[in-house]
Amino acid sequence: MNIHVKEFDIKKIADSGQAFRIVEESPGIWRTVASGRVLRIDESAPHIPEGFWSDYFDMETDYSLYRAAIPKQDEFLTKAAQAGEGIRILRQDPWEMLITFIISQRKNIPAIRSAVEALCRLCGSEIEGEDVRAFPSPEQLCSASEEALRACSLGYRVPYIMKSARMVAEAVVDLELCRELSDEELFDELLKFPGVGPKVANCVSLFGYYRIAAFPVDVWIARIIDQEYGGNFPLQLYEGFGGIIQQYMFYYGRFRDE
């Protein structure tokens, strides 16, 4: 069965910086690859299959409740939430989020997408009937040579990726058991991976573990906080769901001048 939804905008989700395998395959038709599955969505009449995909797109959550918490006097955030209506926090695979956000550092979204697809072509499993591959497992990444990884435009991140793959493959850090940790414990555990600092740890927490209190601060968010809030964003107003507010800020910060 399919769910016809409101407050769902696949283009905004693709541009929100949380997933790098959502692409516009043809005008208005978006292809999503996740956990070895492929889904195509018509942006003009989106229908989301029940089960894996409805969970992936967080279809049970009413995002209007989060937007209602924004004070009317906060003109910037009010506009940001209006502009970002339709963005949902995806429930993605922690392993994929770990590697893609290590890749994401100092790259723009098109470059991240390109590197991730190159990595999938290099060592990801085939998906029956599709011309794209699944995101590689830790073991598949461990089998890739340093030279082959560098050919995926991963640059200085290659050693981080190789060591992280070994750590997960050898259960030095068990990403599944991490689901049982508190937000603070999860954050600290993610910092054990090479190349993972506070921003990447918060991104993996938010997009890989659906810890919606996580509030990643990248250059866009830091600029907004400085320019719109004098360097002091009132995050306490959004305790427990700051990550959703962050997505509105990030999206609006990137596209408000277009």
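The values are calculated or read from the model by the stated rules, or taken from the named source; none is laboratory data. From a predicted model like this one, the values you see are computed outputs, not experimental measurements. All Cβ positions, glycine included, derive from the backbone under ideal geometry; neighbour counts span all protein chains shown.
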Exercise. So how many residues does the stretch 114-170 have that are touching a helix residue (DSSP H, G or I) at 6+ places or on another chain (Cβ under 7 Å) and part of a helix (DSSP H, G or I)?
Worked result: 23
Seminar exercise, completed: Residues of the stretch 171-188 being outside any helix (DSSP H, G or I) and either surrounded by 11 or more Cβ atoms within 10 Å (Cβ to Cβ) or in contact with a strand residue (DSSP E or B) (Cβ under 8 Å, 6 or more places away or on another chain) (or both), in sequence order, are ALA171, VAL172, VAL173, ASP174, LEU175, LEU181
Exercise. Can you name every residue in the stretch 149-168 that is aliphatic (A, V, I, L, M) and either over 27 Å from ALA118 (Cβ atoms) or surrounded by 15 or more Cβ atoms within 10 Å (Cβ to Cβ) (or both)?
Worked result: LEU149, LEU154, VAL158, ILE161, MET162, ALA165, MET167, VAL168
For this session: Determine, yes or no, whether ILE70 is in the same structural domain as ALA19 (by TED's automatic domain parsing), farther than 30 Å from GLY129 by Cα and in contact with a Leu (Cβ under 9 Å, 6 or more places away or on another chain).
Result: yes
Problem set entry | Residue count for the stretch 239-258, restricted to those that are under 20 Å from the mean Cα position of the chain (by Cα) and touching a residue at least 60 places away in the same chain (Cβ under 8 Å) | 13
Exercise. Of the residues in the stretch 189-231, how many are assigned to a helix (DSSP H, G or I), of a type outside the set (Phe, Trp, Tyr) and surrounded by fewer than 20 Cβ atoms within 10 Å (Cβ to Cβ)?
Worked result: 11
Seminar exercise, completed: Taking the stretch 184-209 and keeping only residues that are over 11 Å from LEU98 (Cα atoms) and small (Gly, Ala, Ser), one is left with GLY197
Exercise. Where in the stretch 1-94 are there helices (runs of 4 or more DSSP H), lying fully within it, with 1 or more residues that are surrounded by fewer than 15 Cβ atoms within 10 Å (Cβ to Cβ) and in contact with a helix residue (DSSP H, G or I) (Cβ under 8 Å, 6 or more places away or on another chain)?
Worked result: 75-83
